[in-house]
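Quick notes on the structure that follows.
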Amino acid sequence: MGFLEHLDELRSRLFRVAIVFLVLLAGCWLISDRILAFLLKPIRDHLLGDGAIIFIALTEPFMVYMKASAIAALFLSSPYILWQFWGFVAPGLYKTERRAGAFFIIAGMDTNWRKIVQIISELYRNRFIQPKFFTDSLQRLHIRPLPLCHSCRINR
C-alpha cells in the first residue's frame, strides 16, 4: 500500500469510529437524565440537603448533561475504537510484533476486567456500604448535612 492508500484507510476507520461514537452519544443523550442521576446519587443522598443541583451559568445544565453523555458514549464505544485501531496497525507489523501486540491486548483486557470489577465494587459500595457509613458517622458526631441555599449569590 502506498502513503495515500494508508491515509484513505485511516480516514475510513476514523469515519466509522466517529459514526459509532455519535450514534452512541445520541443514545446516551436520550437517557442522560438517568446517567446523571446515577452519577449524582451518592452526592444527593449524603452530601446535599435537598438534593438539588445549582447551576450558576446559563449553559451549565446543557454542558453537564452533554459531558455525562459523552463520557458514557466513550466508555461504550471504546471496544470498537480499539478494534479499529488494531485493524489499522496490525497489517503493518511483523509476526513477532503481532505476538507482542497480542500480549499487550491480553494485558489490556486484564486491565479492562479489573476496571469492570472495580466498577461493580464501586456500585456495591455506593449502594450498601456508604449510606450506612455516612448515616452512622453523622449521627455519632451529631452533625446534620447543611442544605444548599438556592438564593446564594457569588460575589465577584
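The values are calculated or read from the model by the stated rules, or taken from the named source; none is laboratory data. All values reported here derive from a predicted model rather than from experimental measurement. Note that each Cβ is placed from the backbone with ideal geometry, even for glycine, and that neighbours are counted across all protein chains shown.
Residue pairs, Cβ under 9 Å, 6 or more apart or interchain, first in the stretch 24-37 and touching a residue at least 24 places away in the same chain (Cβ under 8 Å), second outside any helix (DSSP H, G or I). List them.
LEU36/ILE53
Output the residue which, of all residues in the stretch 1-49 that are among the acidic types (Asp, Glu) and either exposed (fewer than 14 other Cβ atoms within 10 Å of the Cβ) or in contact with a strand residue (DSSP E or B) (Cβ under 8 Å, 6 or more places away or on another chain) (or both), is modelled with the highest pLDDT. Give the derivation first.
Taking the stretch 1-49 and keeping what is among the acidic types (Asp, Glu), we get 5, 8-9, 33, 45.
Next, from what is left, pick out any that are either exposed (fewer than 14 other Cβ atoms within 10 Å of the Cβ) or in contact with a strand residue (DSSP E or B) (Cβ under 8 Å, 6 or more places away or on another chain) (or both): 5, 8, 33.
Numbers: GLU5: 91, ASP8: 94, ASP33: 90.
By that ranking, first place goes to ASP8.
Condition first: of a type in the set (A, V, I, L, M) and touching a Leu at 6+ places or on another chain (Cβ under 8 Å). Now tell me which residues in the stretch 1-49 satisfy that.
LEU24, LEU48
Suppose the filter is surrounded by fewer than 10 Cβ atoms within 10 Å (Cβ to Cβ) and at pLDDT 65 or above; does LYS115 pass it?
Spelling it out, it is not the case that LYS115 is surrounded by fewer than 10 Cβ atoms within 10 Å (Cβ to Cβ) and at pLDDT 65 or above.
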